[in-house]
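Working notes, structure below.
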């Protein structure tokens, strides 16, 4: 290819984050690109295996009180095979029955590095929702989204906000997701939750913007009396929908 | 009194239903273990296979794994069963059927004639007593040809879906990925986008952009925005240029309900698509995706193993004469298929079952980052599948889908497969590549930038 053509295609590359090559001299993948791919996959794999630094998170959340709990699937090999165990608390567990309007749970999910964004989200939420200060934040290890239902039911909470590490992709391995559930009880269907996803600082939703959207959803859920498909996110752009 | 039993390792094992027998005979996989229906030991699995091998094929016509009264997929399978096509197999056991499939008597013509007489449960059952090489050996004998704007599935061809997804559905970004794929000769099965947003105006915009691109360059292929079938109906009503109608489907009525579809909705969409008459060389226009574990994920599995339910999803698909069907085999997660070994096995099973039922079967050779698999496993599966005669494979730039966050095959992988197998694209598309100067890659293309300009994307 001529230099001029390559330069034109270089500009095209900036139009998508996809790994386009635009150089179909069509040989095998160049070694540099192959190693870049391996590096991205390694980051994702390491993020999935990493253990969260709960002490650091508790310190970042202070002066809010925190309580640590575990699911029945703390071991990664069990967690990956048994989503059902990641939705249930390991006994014994001692959670205060507070009857609070909203409990915030931070779960590791599939990415411990994503939890770095949890404290900024909660800090921004506190400004909008002062009642949060009265309820401890629950730090849950080995958590699936629905573990929040078990936690909220035991605490008598009217609503649960689960902040959880999302499955790492090759481009971002520290993305946090937020799931809001009204009247949470074990067995709640995912269609009864609202989700704000893609919370991270590399081209995603910033923790502050995410908190604004979550606060809007909490207010709308309280007016509507429920969360899920009946509650449409009209706070901004539509959330991304994946392949069925 | 248990209905099915056999001895293995000196021990007698009993199975009290056909569903339990099928589940116990299935190669080990995490989804059946999660559902609590997998064999309890390797020896029990062998006993189940012995019992299955002795089972008359006709048993599947009287014993439904999901009740007839409760499930429209079961009703579809049994009510549309072709007894005349089944006649040559009516006296066979599952084991006899396996032997016949591997024999020279089972050639392309006879296999095609047999398809309407075979139920999904029959082909799932026989796959459970076949090795990987058996699945390849039989599937490659089946020829399923479909057509819309080109002809898919002829012997000696391998087609590709070009999947130019973009995290924000940016039309220019999608065009750049599409150009990248065309430079590698990908896209004859379909240029198909998974939209980041199912918003109707967004989907209509993407469809219009794809249609302009394909029309301006006169590419003999079809396009698709993979949104819900009810959205496709609305888009057709609104006059959008809909070539293929997409839907994810599963093997039980309840699981399909979880997808928000029923057989009647699919029939309505099929009719709406056909009314547009956009195909030039054929009128196959449905595009279905499936994947083992979908029914369990929707808590709609009725105690049936995920591979048998996957084959039942093909029973749904074949009622609508699709242009394309593919399993998203490694996408659904480690709780269903744990590692590369399970993904490879499932990919070969899905392809075999789909082909035997008469479907134009493709595979998304893929994995997510929480599965114990990597690109080496994908190399193995794609190489085996091309030997098995897979209809099409999915390709994305650099194997990295930046919208869905998983890894599929790269455009370069198709170059590798064409080199080691000699397989070629669909004939009409191959002629277009030659006309455009892409037949030997961009080296033969006098002015690649002009191609980009015609797609409206030169910066």
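Quick rundown of the values:
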{"read-out": "Linear extension gain, residue B:12 paired with residue B:133, 0.36 nm per residue minus alpha-carbon span", "value": "40.6 nm"}
{"read-out": "Burial order of peptide ranges B:147-153, B:165-171, A:49-55 (average beta-carbon count within 10 Å, highest first)", "value": "B:147-153, B:165-171, A:49-55"}
{"read-out": "Helix-only CD estimate at 222 nm, as mean residue ellipticity for the protein assembly as shown, using -39500 (n - 2.57) per DSSP H run (n ≥ 4)", "value": "-12000 deg cm²/dmol"}
{"read-out": "Computed label-point distance, nm, for sites residue B:155 and residue A:34 using a 7 Å Cα→Cβ extension", "value": "3.5 nm"}
{"read-out": "Efficiency of FRET from Cβ geometry, residue B:105 and residue A:84, R₀ 60 Å, rounded to 0.05", "value": "0.80"}
{"read-out": "Length released on extending from residue B:276 to residue B:212, taking residue separation times 0.36 nm less the Cα-Cα span", "value": "21.3 nm"}
{"read-out": "Distance (nanometres) between label positions extended 7 Å along Cα→Cβ at residue B:341 and residue A:133", "value": "5.7 nm"}
{"read-out": "Degrees, to the nearest 10: B:171-183 long Cα axis against longest axis of chain B", "value": "80 degrees"}
{"read-out": "Gap separating the Cα centres of the range A:91-164 and the range B:10-28, nearest whole Å", "value": "43 Å"}
{"read-out": "Cβ-derived FRET efficiency at R0 25 Å, residue B:40 paired with residue A:189, nearest 0.05", "value": "0.20"}
{"read-out": "Peptide-level mean, for B:402-410, of C-beta atoms on other protein chains within 10 Å", "value": "5"}
{"read-out": "Residue B:199/residue A:158 FRET efficiency (R0 25 Å; Cβ-Cβ; nearest 0.05)", "value": "0.20"}
{"read-out": "Helix B:340-356 axis, angle to chain B major axis (alpha carbon atoms, nearest 10°)", "value": "90 degrees"}
{"read-out": "DSSP bridge pairs, chain A: antiparallel proportion in percent, nearest 5", "value": "50 percent"}
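None of the figures in this text is laboratory data; all of them are computed from the coordinates on show. All values derive from a computational prediction rather than experimental measurement. Every residue, glycine among them, receives a Cβ derived from its backbone with ideal geometry; neighbour counts consider all protein chains shown.
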